Amino acid sequence: GRPVSLSFISDSSTGVSYLIDTGSSVSIIPGPAAGGQAAVSLCAANGAAISTGAECHRRLSFLDSAGSLHSFPWTFISGSVSGPILGKDFLKHYKVQVDPGGELVIINGASFPCTSSFNFASVNCLPPTTPLLPTPHISLH
């Protein structure tokens, strides 16, 4: 078969790798699924249901190619995924351009290196009271 190449970007403060997924509608982070009725119904590319839970606030920190640190607050949905995913909601909000040939993502004119390797270390949510910059609220009932 053909080799599959995925693009990941690493959070500089935690070392956690985030899959850059232009095919995912929302950004999702591994976490417990909600008991009972899920607030959001999601399915994987293969049609399998993804159990979802509460919203999870994170402040991502990425080091650009020039060595400057940039902060990106975001609200993820927790769910039954193996690793964190940056979906179209994040990519559109921050106007992210993906250059898979150059293994880069460009955010607001700054270039950030991507890798095809990943580290799915533990990902912790920020307490709900932690102030974040406004981000769009996700509602996909």
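All of the numbers you see were taken from the coordinates with simple rules; none came from a lab. Every value quoted in this text rests on a predicted model; they were computed, and no experiment measured them. Glycine gets a Cβ as well: all are built from the backbone with ideal geometry, and neighbour counts include every protein chain shown.
Considering amide H positions built from the backbone, and no H for Pro or chain starts, which residues 5 or more places from LEU104, or on another chain, come under 5 Å of its amide H?
Amide H neighbours of LEU104, under 5 Å, 5+ apart: ASP99, CYS114.
Can you compute the modelled spin-label distance between SER116 and LEU6, with each label point 7 Å from Cα toward Cβ, in nm?
1.3 nm
For segment 91-96, take each phi angle, set θ = phi - 60°, evaluate the Karplus expression 6.51 cos²θ - 1.76 cosθ + 1.60, and give the result in whole Hz per residue in order, putting x for glycine and proline.
My calculation for segment 91-96 gives 4, 6, 4, 9, 6, 6 Hz in order.
For ILE77, enumerate residues with amide H under 5 Å from its amide H, sequence gap 5+ or separate chain, H modeled in the peptide plane.
The answer is SER27, ILE28, ILE29, CYS56.
Using θ = phi - 60° and the Karplus form 6.51 cos²θ - 1.76 cosθ + 1.60, what ³J(HN,Hα) does each residue of segment 68-74 get, whole Hz, x for Gly and Pro?
8, 8, 10, 10, 9, x, 7
Would you kindly state how much longer the chain becomes between ALA45 and SER68 on full extension, computed as 0.36 nm times their sequence separation minus their alpha carbon distance, in nm to one decimal? Before the final figure, lay out the partial values.
Working: separation 23, 0.36 × 23 = 8.28 nm, distance 3.49 nm.
Going from the current span to full extension adds 4.8 nm.
For SER24, what is the net charge nearby, where nearby means another residue's Cβ is under 9 Å from its Cβ and Lys, Arg count +1, Asp, Glu -1? Before the final figure, lay out each step's value.
Working: positive: LYS88; negative: ASP21, ASP89.
Within the 9 Å Cβ shell, the charges total -1.
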